[in-house]
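Participant: For reference, the structure I am asking about is given below.
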Amino acid sequence: MAVSNRQKIIILWTVFLLGILFHTQLGLMPLFHNQNIATADTHGTGSIAWILWLMLGFFAVPMIIMIATLFSDSNRYRKLQFGVTVFYSVMNFSHLVADLLVKPIAWYQIALMVLLFMIGLLLNLVSFQWMKEQANNKLTREHQLN
């Protein structure tokens, strides 16, 4: 049984979400061993509500995309979904670079971020194939009608 591009996309988004959840969990693990995770030069003592809202959005968008992928088959949606995967790849790469600038470097986090970036690139590829699949099917149907 072949797995459709739509199914691959939903699975890859799910794996990606699990990875970013684990990225967050890895950052908090020292707390469970009575270690401090705060650093002296962090963002200060101001409100972090905006960061929490950004995190919510970063987690919620893939969940919405997965549900929409189940129910939408339009060319416009496929293009949007591909664009979102590209945006997430750019964000992952930026986050990977930012993590490399934090001292000390948490190499376990870097390894996970590289893995997430690679999953993102695979998601880009499958999303691109899904987007082109509909265009190819449309051309085939038009050719058969002529």
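Participant: Can Met91 be described as open to solvent by 90 Å² or more (accessible area, probe 1.4 Å) and under 30 Å from Val3 (Cβ atoms)?
Facilitator: no
Participant: Are any residues in the range 68-77 touching a Lys or Arg at 6+ places or on another chain (Cβ under 9 Å) and either without any contact (Cβ under 8 Å) to a residue 60 or more places away in the chain or under 23 Å from Leu18 (Cβ atoms) (or both), and if so, which ones?
Facilitator: Scanning the range 68-77 gives Thr69, Leu70, Ser72.
Participant: Mind listing whichever residues of the range 101-115 are open to solvent by 30 Å² or more (accessible area, probe 1.4 Å) and within 19 Å of the chain's Cα centre (by Cα)?
Facilitator: Tyr108, Ala111, Val114, Leu115, listed by residue number.
Participant: Yes or no: Leu80 at pLDDT below 95, over 30 Å from Leu28 (Cα atoms), among the aliphatic types (A, V, I, L, M) and not in a loop (DSSP other than H, G, I, E, B)?
Facilitator: No.
Participant: I'd like to check something: does the range 15-36 contain any residue that is at pLDDT 95 or above, within 24 Å of Asn5 (Cβ to Cβ) and open to solvent by 70 Å² or more (accessible area, probe 1.4 Å)?
Facilitator: Checked against the condition, which is being at pLDDT 95 or above, within 24 Å of Asn5 (Cβ to Cβ) and open to solvent by 70 Å² or more (accessible area, probe 1.4 Å), the range 15-36 yields at least one hit.
Participant: Out of (1) in contact (Cβ under 8 Å) with a residue 40 or more places away in the chain; (2) more than 30 Å from Lys132 (Cβ to Cβ), what's the single condition that is false for Ile65?
Facilitator: The single condition Ile65 does not satisfy is (2).
Participant: I've got another one for you. Those residues that are over 15 Å from Met91 (Cα atoms) and either β-branched (Val, Ile, Thr) or out of contact with any helix residue (DSSP H, G or I) (no Cβ under 8 Å at 6 or more places or on another chain) (or both), I need them from the range 107-137; list them, please.
Facilitator: The answer is Trp107, Ala111, Leu125, Val126, Lys132, Asn136, Asn137.
The values are calculated or read from the model by the stated rules, or taken from the named source; none is laboratory data. Here the structure is a predicted model, which is why all the values come from computation and not from measurement. Note: ideal-geometry Cβ built from the backbone for every residue, glycine included; neighbour counts use all protein chains shown. Just so you know, the surface numbers come from the protein's heavy atoms only, side chains and all, with ligands and any DNA or RNA stripped out. Shrake-Rupley method; radii C 1.70, N 1.55, O 1.52, S 1.80 Å.
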